[in-house]
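Only one structure is covered here, and it is reproduced in the block below.
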Amino acid sequence: MELYHVLNRGIDERRLFLDSQDYARFVHTLYEFNDTRPADNLHRLFNPKMKDLGGLSFQRPREKLVTIHGWVLMKNHYHLLISELVEGGLVRFMTKVNVGYAKYYNERYARHGHLFQGKTKKIRIEHDAHFLYILHYLHLNPLDYLTGATKWRERDKGSVKNIREALTYLNKYRWSSY
């Protein structure tokens, strides 16, 4: 199994998530687009006036493109830890996620154009040390928003002023697989 650290950020450091609805939509996107088939038109599925669902059902089996081992959403970027389940699955999945979320965002905020800074960056986890560190790195990212813990990357003793407060903060941060 090959493991990848996948990340992207908003163009010009634009905020990708302006409220809880945006965060929740992206989390839903991670689920909905993790399928070899195109995403269903959910409006048709939940519209009681539609009689013919075209063979769609709520229990249709999914063939996942990737396994998501960990994730975190920050204000202007995201990090995912992913392994591919089908050949080309990582690229297909990330294309669906980025395009789908950008369409949602642009429609919601009446804007046009690119939302993400460019191609999604994917870093293959090749060394044991990187493997042992990467999930912690993802889950510690929200400490950037906690006063007294913003230097958590420095790894010096005392870079996080109150460990208990930091752990409580991480436990309460909703937009992470922590």
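Assorted remarks:
- Packing, taken as the mean count of other beta carbons within 10 Å per residue, orders the peptides 13-22, 68-77 from highest to lowest as 68-77, 13-22.
- Qualifying GluC sites (Glu not before Pro) in the range 82-142, DSSP loop, other Cβ atoms within 10 Å at most 12: Glu87, Glu126
- Annotation: lysines with alpha-carbon distance below 27 angstrom to Lys172 (same-chain offsets under eight excluded): Lys75, Lys151, Lys157, Lys161.
- Cα centroid separation - the range 120-178 against the range 20-34, whole Å: 22
- The fraction of accessible area contributed by carbon and sulfur in the chain is 53 percent, rounded to a whole number (1.4 Å probe; ligands and nucleic acids excluded).
- For Lys121, the aspartates and glutamates whose Cα falls under 19 Å of its own Cα, not counting residues fewer than eight places away in the same chain, are Glu2, Asp12, Glu13, Glu84, Glu87.
- Each Lys or Arg adds one and each Asp or Glu subtracts one; over the other residues with Cβ under 12 Å from the Cβ of Leu73, this totals +4.
- Å² of accessible area per residue within the chain, as computed with a 1.4 Å probe and no ligands counted: 63
- From largest to smallest, the equivalent ellipsoid semi-axes obtained for the chain from the alpha-carbon gyration tensor read 32, 20, 16 Å.
- You can think of it this way: the chain between Leu18 and Ala129 has 36.5 nm of extra reach, that is 0.36 nm per residue less the Cα-Cα gap.
- Using C-alpha pairs under 8 Å with a sequence gap of at least 6, the mean separation divided by the residue count of the chain gives a relative contact order of 30 percent.
The values are calculated or read from the model by the stated rules, or taken from the named source; none is laboratory data. Only a predicted model underlies this, so the values are computations on that prediction, with no experimental measurement involved. No Cβ is skipped: glycine too gets one built from the backbone with ideal geometry, and neighbour counts run over all protein chains shown. All accessible areas refer to the heavy atoms of the entire protein, side chains included, with ligands and DNA or RNA removed. Shrake-Rupley method; radii C 1.70, N 1.55, O 1.52, S 1.80 Å.
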